[in-house]
Amino acid sequence: MTSAPSAASGLAAPLANIRVVLVNTQHPGNIGSTARAMLTMGLSELVLVNPSRFPHPQARMTAAHAEGVVDGARVVATLGEAIADCGWVAASSARPRHLGDEPLAPWDMATRAVATASAAKVAIVFGCERTGLTNEELQLCHAVTMIPTNPGYSSLNLSQAVQVLAYELRRAALPQATSVAGRQGPLYAPPSTQEMEHFYGHLERILLSTGFLDPANPRLLMRRLRQFFNRAAPDRNELNILRGILTSIEKPKNRRVPLEPGDGMPSAD
Ligand code: SAH
């Protein structure tokens, strides 16, 4: 009897830190074929957000020899829970534009994911078969990636999308991967999603208190700011500096230097 296939692959270090998250999956067969797609590429951590039917015999059946990934899948109630401990999260989408930012090409997403996975947990998130990911779910992610398919027929089957992105992740993790962009690990680990959420909460409170954010007319300010910080991807140290700045607005220190006339003020003449 042969032993069950495992994810140990020689590339275990970065790939072991990359999690696949399926949100609201409807067909249990897709969960199994996702497990198979993952394991062929050396990924093994699967988290299911509120699946319609799981556990289910069809999930084990379509997994072929990757039942271990199905059996080890963790089920959670919300996407927030699935990614709370992650330092970088990419959402995959069949639709080209969300909230203004261009989606990352899969190979750029993979380079970034593998570089970050040396210091922190990374998640790649997939939406449900019928509707994909909601805007609220996309907002929780740092970036969106889209497989450049036929624009006239762009939506892949869920597990096939997982296969393509898992392949890109493996390719980026190969020692001979040639792309250098983003390969250098960060000096400090990236903050977790939860730490970023605390930061956004703090930022919003301050912007409300200074009057910059008008609760009666918030427009897209918080969304735009999230987009900006997700693109900048501050590390933990930088996030501490930002939190410190917010705290200094809340509780000003005594050593304040008065603003020069004209600094951000409308001119008197
Ligand atoms: N009808 C849905 C498509 C859902 S397909 C929609 O319009 O959004 C299920 C999931 O597979 C998607 O949420 C996405 O995570 C992934 N997927 C499908 N096609 C993709 C593509 N071209 N690029 C990236 N992800 C894709």
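Of a type in the set (Val, Ile, Thr) and touching a His at 6+ places or on another chain (Cβ under 7 Å), is that true of residue 114? Considered against the rule, which asks whether it is of a type in the set (Val, Ile, Thr) and touching a His at 6+ places or on another chain (Cβ under 7 Å), residue 114 comes out as no.
Applying the set (1) touching a Cys at 6+ places or on another chain (Cβ under 8 Å); (2) open to solvent by 80 Å² or more (accessible area, probe 1.4 Å) to residue 193 leaves exactly one unmet item: (2). Taking residues in segment 102-119 that are under 14 Å from residue 165 (Cβ atoms), and partners anywhere that are acidic (Asp, Glu), the pairs with Cβ atoms closer than 8 Å and at least 6 places apart or on different chains are 106/168; 107/168; 109/168; 110/168. Within segment 35-70, the only residue that satisfies the criterion of being of a type in the set (D, E, K, R) and part of a strand (DSSP E or B) is 45. Applying the set (1) open to solvent by 50 Å² or more (accessible area, probe 1.4 Å); (2) touching a residue at least 12 places away in the same chain (Cβ under 8 Å); (3) among the β-branched types (Val, Ile, Thr) to residue 134 leaves exactly one unmet item: (2). Which numbered condition trips up residue 138, out of (1) within 7 Å of the ligand (Cβ to nearest atom); (2) out of contact with any helix residue (DSSP H, G or I) (no Cβ under 9 Å at 6 or more places or on another chain)? Among (1) within 7 Å of the ligand (Cβ to nearest atom); (2) out of contact with any helix residue (DSSP H, G or I) (no Cβ under 9 Å at 6 or more places or on another chain), the lone unmet condition for residue 138 is (1). Take the conditions among the hydrophobic types (A, V, I, L, M, F, W, C) and out of contact with any Ser or Thr (no Cβ under 6 Å at 6 or more places or on another chain) and apply them to residue 107. Does it pass? The answer is yes for residue 107. Of the residues in segment 236-258, not one is surrounded by 10 or more Cβ atoms within 10 Å (Cβ to Cβ), at pLDDT 90 or above and assigned to a loop (DSSP other than H, G, I, E, B). Filtered by the rule that a residue be at pLDDT 95 or above, of a type in the set (A, V, I, L, M, F, W, C) and either in the same structural domain as residue 199 (by TED's automatic domain parsing) or under 20 Å from residue 111 (Cα atoms) (or both), segment 145-179 gives 146, 147, 161, 162, 164, 165, 166, 169, 172, 173.
The values are calculated or read from the model by the stated rules, or taken from the named source; none is laboratory data. As the structure is a computational prediction, the values presented were derived from the model and not from experiment. FYI the Cβ positions are ideal-geometry reconstructions off the backbone, even for glycines, and counts take in every protein chain you see. Accessible surface is based on the protein model in full, side chains and every heavy atom, while ligands, DNA and RNA are left aside. Shrake-Rupley method; radii C 1.70, N 1.55, O 1.52, S 1.80 Å.
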